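So the structure is just underneath, and the comments pick up after that.
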Amino acid sequence: MSWKWEYAFGAEEAARTAPADFLAKVERKADELVRAAEALHIHGRVHEGGDPKGGDIIVPGGMFTYQVVVRSERVYVVQITYLGF
C-alpha cells in the first residue's frame, strides 16, 4: 500500500459543492501532506503507537482540517470550509 489522501465524513459532500479552483488548492496541499507523511513514516503499515495530531490548513478561499492515520497510510481531509475570500 502506498500513501494517499482522501475525503472523509462530510468533507466529501462539501467537496461536491465547493468551487473547482478552491478544491484544486485543497488537493495540492493534501498532496504535500501525503509526501511529508510518507517521508516521516517510511514503514507506516508497521507503525506502533498513536497517530500524529491532525490540523487545520488555510488555503486561499477557506481552510480544511486533516488527520493522518499512519497504519492505513492515509491522510484524511475531514472537513472543508469554503469562505470565498
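Need the failing condition index for V70 against (1) crowded, with 19+ Cβ neighbours inside 10 Å; (2) within 12 Å of the chain's Cα centre (by Cα); (3) β-branched (V, I, T), just the number.
That leaves (2) as the condition not met.
Given the criteria of a type in the set (D, E, K, R), open to solvent by 70 Å² or more (accessible area, probe 1.4 Å) and at pLDDT below 90, does R35 qualify?
In short, no.
Could you list all residues from region 21-69 that are in a helix (DSSP H, G or I), without any contact (Cβ under 8 Å) to a residue 60 or more places away in the chain and closer than 13 Å to I80 by Cβ?
L23, A24, K25, V26, E27, K29, A30
The values are calculated or read from the model by the stated rules, or taken from the named source; none is laboratory data. This one's a predicted model, so the numbers in the text were calculated from it and none came from an experiment. Methodologically, a virtual Cβ is constructed for each residue, glycine included, from the backbone with ideal geometry; neighbour enumeration extends over all protein chains shown. For the accessible areas, the whole protein counts, side chains as well, though only heavy atoms, and no ligand, DNA or RNA atoms are used. Shrake-Rupley method; radii C 1.70, N 1.55, O 1.52, S 1.80 Å.
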